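Accompanying notes for the structure given below.
Derivation of every value follows stated rules applied to the coordinates shown; laboratory data play no part. Computed from a predicted model, the values in this text were never measured in an experiment. Quick reminder, even Gly has a Cβ in these numbers, built from the backbone with ideal geometry, and neighbours come from all protein chains shown.
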Amino acid sequence: MEQYYRKIQDKVLVQRDIISSLIKDQRVIGDYYEAIIRDVIRENVAEAFAVGRGVILSKEGKTSRECDIIVYNAVEYGPLFKSGAIVVISPEAVRCVVEVKGTLTNSNLSDAVKNLSSVNELRSGIWKLIVGLNANIHYQDLVNRCVQSKTVNGIFIFNSTCQNEKEDVSLQMQKFVGLLKEITLPTVHQGCEAGNYVALEVTESGELNVEPFPS
């Protein structure tokens, strides 16, 4: 299976390189990056879940910032609004939110944390992840930022410009997909305690390996 996930990771990076070679508008490139990861997620979550982009809206009228990717239960809940991939969805329907960055930097990492924090204010129990197609920050530093944020449950990068990090990021796709499959099981990981952990991965036995946020 490791080889399988390496191939998926390689495919994502090839798609990234093709887009960046064809298009120079960074905003448009960002939209394509999100679409690439959205497709990976859509192919790997349970059928009960749909994947879109948009905002989360509470009954009180409070909204999150715009979310790059929202994974929501489409069987028990319908979106409040839907147009193509764009959705407005209630907090109760949302299982996971993902922020996507082409290259993770200190600056855009801070923006991603702010976006995920706005989700946290609407309902506890939503898993909040960051995906970077590339990073110029050491992976352990990124994990430490997750801990400090007390918001980000997991961070995954598929390529690194930092030396001596090839092994650290070589199986990130396997960890990312394994986590997605686990947290979108229809009847588990949707309580209030969900999403209160960091440094997530799924063990070979299919169990979540988590550490609580420090109090």
Order of 25, 10 from fewest to most other C-beta atoms within 10 Å? 25, 10
How much length is gained on full extension from residue 10 to residue 22, taking 0.36 nm per residue of separation minus their Cα-Cα distance? 2.5 nm
With a cap of 10 neighbouring Cβ atoms within 10 Å, and only residues DSSP puts in a loop, list the trypsin sites (Lys or Arg not before Pro) found in the stretch 15-59. 24, 59
Spelling it out for residue 49: with amide H atoms placed in the peptide plane at 1.01 Å from N, the residues 5 or more places away or on another chain with amide H under 5 Å from its amide H are 74
May I ask you to sort 207, 201 by Cβ crowding, counting other Cβ atoms within 10 Å and putting the fewest first? 207, 201
Please give the net charge around residue 98, taking every other residue with its beta carbon less than 12 angstrom from that of residue 98, where Lys and Arg add +1 and Asp and Glu add -1. +3
When we measure straight from the Cα of residue 62, which lysines land under 28 angstrom away, once same-chain ones fewer than 8 places off are left out? 82, 101, 114, 128, 150
What is the magnitude of the charge dipole of the chain about its Cα centre, with +1 placed on the Cβ of each Lys and Arg, -1 on the Cβ of each Asp and Glu, and no other charges, expressed in debye to the nearest 20? 540 debye
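Tally Lys/Arg at +1 and Asp/Glu at -1 over every other residue whose Cβ is under 9 Å from the Cβ of residue 160; what's the total? Walk me through the numbers before you get to the answer.
Numbers: positive: 166; negative: 165, 168.
Charge balance near residue 160 sits at -1.
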Given H placed 1.01 Å from N in the peptide plane, which residues other than close sequence neighbours of residue 101 have an amide H under 5 Å from its amide H? 131, 132, 133
Pull out the extension gain between residue 163 and residue 147, defined as 0.36 nm times the separation in residues minus the alpha carbon to alpha carbon distance; nm, one decimal. 3.4 nm
Taking 86, 36 and counting other beta carbon atoms within 10 angstrom, the fewest-first order is 86, 36
Cross-link partners among aspartates and glutamates for residue 11, C-alpha distance below 16 Å, same-chain residues fewer than 8 apart left out? 2, 34, 39, 43
Karplus-derived HN-Hα couplings along the stretch 35-42 (A = 6.51, B = -1.76, C = 1.60, θ = phi - 60°), whole Hz, x at Gly and Pro: 5, 4, 6, 4, 5, 4, 5, 4
What are the ³J(HN,Hα) couplings of the stretch 125-138, residue after residue, when phi is run through the Karplus curve with 6.51, -1.76, 1.60 and θ = phi - 60°? Round to Hz, x for glycine and proline. x, 8, 6, 10, 10, 10, 10, x, 5, 8, 8, 10, 10, 4
For every helix of n ≥ 4 consecutive DSSP H residues, a contribution of -39,500 (n - 2.57) applies; sum these over the chain, divide by its total residues, and give [θ] at 222 nm rounded to the nearest 500 deg cm²/dmol. -12000 deg cm²/dmol
GluC sites (Glu not before Pro) in the stretch 1-95 lying in a DSSP loop, each with at most 15 other Cβ atoms within 10 Å of its Cβ, come to 43, 47, 60, 66, 76
Excluding residue 56 itself, calculate the net charge of residues whose Cβ lies under 14 Å from the Cβ of residue 56, where each Lys or Arg counts +1 and each Asp or Glu counts -1. +2
What list of ³J(HN,Hα) couplings, whole Hz, do you get for the stretch 142-155 from phi and the Karplus terms 6.51, -1.76, 1.60, once you set θ to phi - 60° and write x for glycine and proline? 5, 4, 4, 5, 4, 4, 5, 5, 6, 10, 7, 7, x, 9
